[in-house]
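Structure first, then comments.
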Amino acid sequence: MDIALHLEPRFVGVRYQAARAEALAGDWSDIEHLVLGSIDPASPFSYWADRFRLSLWRGNADWIDGLDVAHLTGLTPEETKLAIGGAFVLRERKSSADVGAMLEAMRSSPATTARSKTLASQLEAEGRAYIGNREGSIESIGKAIATGLFDAPWLERCPVLASVRDDPALAEGRILVRARARAVLVALRS
């Protein structure tokens, strides 16, 4: 992976996908190496977002310690605001009104794709689970399912969702997500 990234730095997104796959498989041994790689100058927010999300999954803020989110270069004002709010959630284990408002705006915007609306709900579910808001996390997972969630590995294996995954309120939704994932696989293989 390091050689590939050296030859083609634009592949830095692959680093996160590899880390995500390892985390969902329960193997955290190489994730630190993958997540703490170099910043992609074309997408500095992705560097922050990847570290933030996997920190939620891991259950602590270690990977953002020492990262001055207010001064990451190349971020838009909205991205900076989201990074500061996300750091607050991780460090304080409390919700952030700014982050909540931004995720809701993302979900409600007519310009937002269905996948982005689903992602906003997934992020909200993870954050709510991380701070111990079980009911809110279940609600957010329901929103993700309603907007087309097909990421069965996330729903079945995301570590931060362990406390809510088996809730009876999600039983039908989990079946639906697995069916959607199977349909995606069938389409990819045909």
Inter-residue pairs, beta-carbon under 9 Å, first in contact (Cβ under 8 Å) with a residue 24 or more places away in the chain and in segment 83-110, second hydroxyl-bearing (Ser, Thr, Tyr) and open to solvent by 80 Å² or more (accessible area, probe 1.4 Å), 6+ apart:
VAL89/SER95
Within the bounds of segment 129-152, is there any residue that is over 26 Å from MET102 (Cβ atoms) and either assigned to a helix (DSSP H, G or I) or among the charged types (D, E, K, R) (or both)?
yes
I'd like the full set of residues that are touching a helix residue (DSSP H, G or I) at 6+ places or on another chain (Cβ under 6 Å) and open to solvent by 20 Å² or more (accessible area, probe 1.4 Å), limited to segment 60-80.
ALA70, LEU72, GLY74, LEU75, GLU79
Go through the residues of segment 95-118 one by one and say whether even a single one is surrounded by 14 or more Cβ atoms within 10 Å (Cβ to Cβ), under 24 Å from TRP28 (Cα atoms) and at pLDDT below 95.
no
Looking at (1) open to solvent by less than 50 Å² (accessible area, probe 1.4 Å); (2) under 21 Å from GLU126 (Cβ atoms); (3) modelled with pLDDT under 80, can you tell me which one LEU36 breaks?
(1)
Going by the structure shown, is LEU54 assigned to a helix (DSSP H, G or I) and modelled with pLDDT of 90 or more?
no
Subset tally (residues that are in a helix (DSSP H, G or I), farther than 25 Å from THR112 by Cβ and open to solvent by less than 70 Å² (accessible area, probe 1.4 Å)) for segment 153-168
2
If we keep only residues of segment 49-88 that are among the β-branched types (Val, Ile, Thr) and touching a Leu at 6+ places or on another chain (Cβ under 8 Å), then the residue nearest to GLU32 (Cα to Cα) is ILE64
Could you grab the pairs with beta carbons closer than 8 Å, sequence gap of 6+ or different chains, first residue in segment 46-58 and within 12 Å of TYR130 (Cβ to Cβ) and open to solvent by less than 30 Å² (accessible area, probe 1.4 Å), second one of a type outside the set (A, V, I, L, M) and not in a helix (DSSP H, G or I)?
TRP57/CYS158
Can you tell me which residues in segment 101-125 are assigned to a helix (DSSP H, G or I) and of a type outside the set (A, V, I, L, M, F, W, C)?
GLU104, ARG107, SER108, ARG115, SER116, LYS117, THR118, SER121, GLN122, GLU124
For segment 70-84, check the following and say yes or no: at least one residue is closer than 28 Å to ARG134 by Cβ, basic (Lys, Arg) and outside any helix (DSSP H, G or I).
no
Within segment 169-181, can one find any residue that is closer than 30 Å to ALA61 by Cα, at pLDDT 95 or above, of a type outside the set (Phe, Trp, Tyr) and surrounded by fewer than 17 Cβ atoms within 10 Å (Cβ to Cβ)?
yes
Which condition breaks for LEU149 when tested against (1) buried (at least 20 other Cβ atoms within 10 Å of the Cβ); (2) modelled with pLDDT under 95?
(2)
On the basis of being buried (at least 22 other Cβ atoms within 10 Å of the Cβ) and over 29 Å from GLU172 (Cβ atoms), does GLY86 make the cut?
yes
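The values are calculated or read from the model by the stated rules, or taken from the named source; none is laboratory data. Computed from a predicted model, the values in this text were never measured in an experiment. So basically every Cβ, Gly included, is an ideal-geometry build from the backbone, and we count neighbours across all protein chains shown. To get the accessible areas, we keep the full protein, side chains included, count just its heavy atoms, and leave off ligands, DNA and RNA. Shrake-Rupley method; radii C 1.70, N 1.55, O 1.52, S 1.80 Å.
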